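First comes the structure, then the notes that go with it.
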Amino acid sequence: MLTFIVSFFYATNLSAQLEFPEDKVSWSFSVEQDGENATIIGTITIVKNWHIYAAKLPADSYLIPSDVVLEKSSNYKTIGGVIEPKPHFEHDDLADEDLFYHSNTIKLKRKIKVLSEKDFTLKGVFSFQTCDDTHCLPPHEADFEVKVKGVVKEVENIDDIDFSSVSGDEIKDKEGNSFVKVNNEWFLVPEGNSSTFYKKYLNLGGKHEE
């Protein structure tokens, strides 16, 4: 019985001492979008007395940078790399190393140009290593997903467009006129109607008036 009690308290104490990266760092991802230009924003919160390293580190640094990697997709193209706030800087005399890091709450951003005409799910991975003044926890990777709106392409003159070359089922001209494709035929969306509503109307048997 004594052996059991000692083993129980040892296991409980050991469990209490275990530390995990996700206990020190939390994150959420969202999208800000203006037409075809969108920004993926990661809101990263780090507990007091802990930090994560900057995304951009000196080439000879042994530190593990934070990163936001977006899955390759034909729905968009990436514009540049990770955008981060100015990191804290200090020199570690013991290791003779320059440290660039973030603490508290920050935002990491990635810019994309939307190529898809349909809404889609963007997938990515947030990776980091978190440390305090005495030790570091193992590097950690976390998957995330965000919803991005498709962008209907605009054309200069609807009379000049080759509808057979349009990959989606919506298009808009520079005058703001919208056109939708239903049953492989294109229709002008009447003023006051949304493209989504008018496609449903025609699919349900509604008649298009010239």
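The values are calculated or read from the model by the stated rules, or taken from the named source; none is laboratory data. Keep in mind the model is a prediction, meaning the values are calculated, not measured. Positions of Cβ are backbone-derived with ideal geometry, glycine not excepted, and every protein chain shown enters the neighbour counts.
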Inset, instruction - Provide a single number: the residues in region 46-62 that are surrounded by 15 or more Cβ atoms within 10 Å (Cβ to Cβ) and touching a helix residue (DSSP H, G or I) at 6+ places or on another chain (Cβ under 7 Å). - result: 2
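Confirm whether Lys123 is at pLDDT 95 or above, part of a strand (DSSP E or B), among the charged types (D, E, K, R) and over 27 Å from Phe20 (Cβ atoms).
Details: at pLDDT 95 or above: yes; part of a strand (DSSP E or B): yes; among the charged types (D, E, K, R): yes; over 27 Å from Phe20 (Cβ atoms): no.
When the stated conditions are applied, Lys123 does not pass them.
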Legend entry - Residue check, Asn177 at pLDDT below 90 and closer than 26 Å to Asn37 by Cβ: yes
Legend entry - Conditions (1) in contact (Cβ under 8 Å) with a residue 24 or more places away in the chain; (2) surrounded by 15 or more Cβ atoms within 10 Å (Cβ to Cβ): number failed by Thr43: (2)
